[in-house]
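The values are calculated or read from the model by the stated rules, or taken from the named source; none is laboratory data. These figures come from a predicted structure and were not determined experimentally. Backbone-built Cβ (ideal geometry, glycine too); neighbour counts: all protein chains shown.
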2 protein chains.
Amino acid sequence: MKKSLGPQTFVYPHPVLLVGTYDGEGRPNLMTAAWGGICCSAPPCGAVSVRPGRHTHDAVMARKAFTVSIPSVDHVVAADYAGIVSGRDADKFEVAGLTPTRSEVVDAPYLEEAPLVLVCRLLHAFPLGVHVQFVGEIVDCLCEESGLGENGLPDIEKVRPIVYAGGNRAYYAVGERLGAAFSMGKALKR
Amino acid sequence: MKKSLGPQTFVYPHPVLLVGTYDGEGRPNLMTAAWGGICCSAPPCGAVSVRPGRHTHDAVMARKAFTVSIPSVDHVVAADYAGIVSGRDADKFEVAGLTPTRSEVVDAPYLEEAPLVLVCRLLHAFPLGVHVQFVGEIVDCLCEESGLGENGLPDIEKVRPIVYAGGNRAYYAVGERLGAAFSMGKALKR
């Protein structure tokens, strides 16, 4: 039996995405995005939603660039911190003991400690309501070598990303492997 | 040490989202979205990316509505199947032994067996490249009563959603709880 909860924004699992930018004074900043993910395969595009009042909003609009750093469970405290403090009030990298690294491709920094990073050039800014959705072309994907699998691609068991659960207001780790994608479903094919 | 992988679409964790629509003949269809998630808090909006050639693309454009069903780990085989077969070629609900339920609010069906469902009215169709991003206003959120926590909201430990890992080409479960969001980070506040 299903219960209607009214208009609510629950998608499980949700990633924890740290948006990296330089502000007007060239200071690196990091913001935990409320919402985001991949939105197109070619050109490869990532999206993050940012409120117009946020420090990060003005930085993305000015520099036309941002990065998306995906922290591991080792940095869950810093990731949470980046979402509850404004870059106007604190140097979040410095307070959290984290390292901003300048992208070699776009005018934005990323979180050196993050195992996986998307480097994005701003393509679109879609005003949707309280959030503006920034869509960026992913011009590079960086992965810590310790996060790569035998196939040379990011291995979720080595990246160990954080799952966000809105209804629980909590963070989770990724659990056991269930099976192969684009394969398990063949059992049902007639 | 970070390795550049070039332009790649990796975000971990990624949800498994089943887009429900009625086609031109009124047949219910279910498609595993390549990409999607929440993109705005108010109005509450969800996004799914669909290739223009897909059966689901025409259905969303015609009915201006879609649902997003979030399957539990119990239905991982059916969820995978919905992504590798076209609704033009098969009644995926029937083949997978699943139940389409007509939304009472929009002109689209959802997966009865899914513990969590977003019911969406089409707001925008953004052509981004090989994918069109459909942004829908979430007009209702349905949750199986067995998936609700004590606070009346979807509990990720009861919903038991599927994590998709692109680099692994595999599905995973959600693992252990790491801590409270909007709280753990306060330890770093000065």
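General remarks:
- Region B:42-69: number of residues that are touching a helix residue (DSSP H, G or I) at 6+ places or on another chain (Cβ under 7 Å) and β-branched (Val, Ile, Thr): 1
- Subset of region A:45-61 that is among the β-branched types (Val, Ile, Thr) and part of a helix (DSSP H, G or I) - its residue that is modelled with the highest pLDDT: A:VAL60
- B:PRO161, sole failed condition from (1) touching a Ser or Thr at 6+ places or on another chain (Cβ under 6 Å); (2) within 16 Å of A:GLY166 (Cβ to Cβ); (3) not aromatic (Phe, Trp, Tyr): (1)
- In region B:150-185, the residue that is nearest to the chain's Cα centre (by Cα) out of those that are more than 7 Å from chain A (Cβ to nearest Cβ) and charged (D, E, K, R) is B:ARG160.
- Failed item in (1) buried (at least 16 other Cβ atoms within 10 Å of the Cβ); (2) within 12 Å of another protein chain (Cβ to nearest Cβ); (3) at pLDDT 95 or above; (4) not in a helix (DSSP H, G or I), with B:ALA42 passing the rest: (1)
- Positions within region B:127-165 being out of contact with any strand residue (DSSP E or B) (no Cβ under 7 Å at 6 or more places or on another chain) and over 27 Å from A:LYS3 (Cα atoms), in sequence order: B:PRO127
- In region A:127-149, the residues that are free of Cβ contacts under 8 Å to residues at least 12 places away in the same chain reach residues that are surrounded by fewer than 24 Cβ atoms within 10 Å (Cβ to Cβ) and of a type in the set (A, V, I, L, M) with C-beta atoms within less than 7 angstrom, at least six apart or across chains, in these pairs: A:GLY129/B:ALA42; A:GLU145/B:MET1.
- Filter pass, B:VAL50 being surrounded by 19 or more Cβ atoms within 10 Å (Cβ to Cβ) and within 26 Å of A:PRO115 (Cβ to Cβ): no
- Take the conditions (1) more than 7 Å from every other protein chain (Cβ to nearest Cβ); (2) surrounded by fewer than 24 Cβ atoms within 10 Å (Cβ to Cβ); B:GLU144 misses just one of them, which is (1).
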